[in-house]
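Following: one structure in structure tokens, then a few remarks.
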Amino acid sequence: MAERKVLNKYYPPDFDPSKLIRLNKQPKDRPSGGYVVRMMLPMSVQCNTCGEYLYIGTKFNMRKENLTEYYLGIQIFRFYFKCTRCSSEITMKTDPKNSDYICERGATRNYEPWRDIESAVVAYKKKRLQEEEGDAMKSLENRTFDSKREMDILDALNEIKLENRRYANPDLDKVIEMVSRNKDLQLDQTDEEKLAKFRKRKTIEPQEDKSEENTGKEETKKEEKEFEEPVPKPKEKPEPTQESKTANAPLGFKLPFKLKAKKK
């Protein structure tokens with residue numbers, strides 16, 4: 001099966017590629033230097049002939065034209081497309097100054113955001129001039145504020161330049177020394193912190209232990225008192241009288257003393 005697939009073409013020995021006739025695929029109605037590009041409309045426009053609104057994001061097959069105009073080395077291009085309703089031609093051009101597009105012919109743009117910024121800047125300048133006309137102190141304050149802001153900007157730029165110069169050609173030996181020094185400092189700080197914690201612990205622990213021991217002994221004593229059974233006290237025997245002694249004496253036993261008769 002692999003032998004049937006002919007991938008190589010046969011070129012005779014008398015083949016001359018310079019004699020081949022090239023086909024011109026460029027259409028007749030297209031101007032030189034232009035080609036068709038599939039592109040979305042970058043802005044909302046209104047057609048001047050029929051009043052149709054063409055919204056942003058609508059896809060068109062636009063004809064692109066390379067112009068000889070430049071802005072700061074950026075080439076400017078022109079695009080041609082047709083209205084979807086009346087098929088009238090509309091042209092627009094790139095505007096690298098404002099990072100936008102300009103509608104040149106056949107339609108008018110509905111909203112241009114960069115114009116709002118320009119109008120706001122112009123209004124601020126007019127307001128500032130009106131304030132400074134009748135008040136000399138206000139104009140002086142504005143000038144000092146502007147000069148201070150410029151000085152701050154210059155100082156920040158100088159700092160950035162110095163940092164860039166410092167890190168442009170770094171010395172490896174110095175970098176290694178700085179890193180090792182920082183590590184030593186960090187280790188010293190950690191050691192000092194550990195020593196301080198250890199000293200605090202030494203001073204606090206014995207007092208806590210004594211107090212804990214005392215409280216423990218008191219608690220154990222209280223518990224023992226609670227659980228101890230009450231011991232009964234021995235009853236006191238009454239002293240024996242003479243009558244009780246004679247009554248309790250056994251028969252044939254003589255008392256060592258004589259009993260006195262009671263007086264009536």
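The values are calculated or read from the model by the stated rules, or taken from the named source; none is laboratory data. Keep in mind that what you see is a predicted model, and the values were worked out from it rather than measured. For neighbour counting, all protein chains shown are included, and Cβ atoms are generated from backbone atoms with ideal geometry for every residue, glycine included. Ligands, DNA and RNA are excluded from the accessible area calculation, which covers all protein heavy atoms including side chains. Shrake-Rupley method; radii C 1.70, N 1.55, O 1.52, S 1.80 Å.
Within segment 141-170, if we keep just the residues that are hydrophobic (A, V, I, L, M, F, W, C) and modelled with pLDDT under 90, the residue that is surrounded by the fewest Cβ atoms within 10 Å (Cβ to Cβ) turns out to be A168. Applying the criterion of being at pLDDT 85 or above and under 19 Å from Y53 (Cβ atoms) to the residues of segment 106-124, the residue that is surrounded by the most Cβ atoms within 10 Å (Cβ to Cβ) is A107.
Here R181 passes the criteria (1) open to solvent by less than 90 Å² (accessible area, probe 1.4 Å); (2) assigned to a helix (DSSP H, G or I) except the one numbered (1). Residues that are of a type in the set (D, E, K, R) and in contact with a strand residue (DSSP E or B) (Cβ under 6 Å, 6 or more places away or on another chain) were ranked within segment 39-64; the one that is surrounded by the fewest Cβ atoms within 10 Å (Cβ to Cβ) is K59. From the list I74, I90, I102, exactly one residue is of a type in the set (V, I, T) and open to solvent by 70 Å² or more (accessible area, probe 1.4 Å). Which is it? Within the list I74, I90, I102, the selection yields I74.
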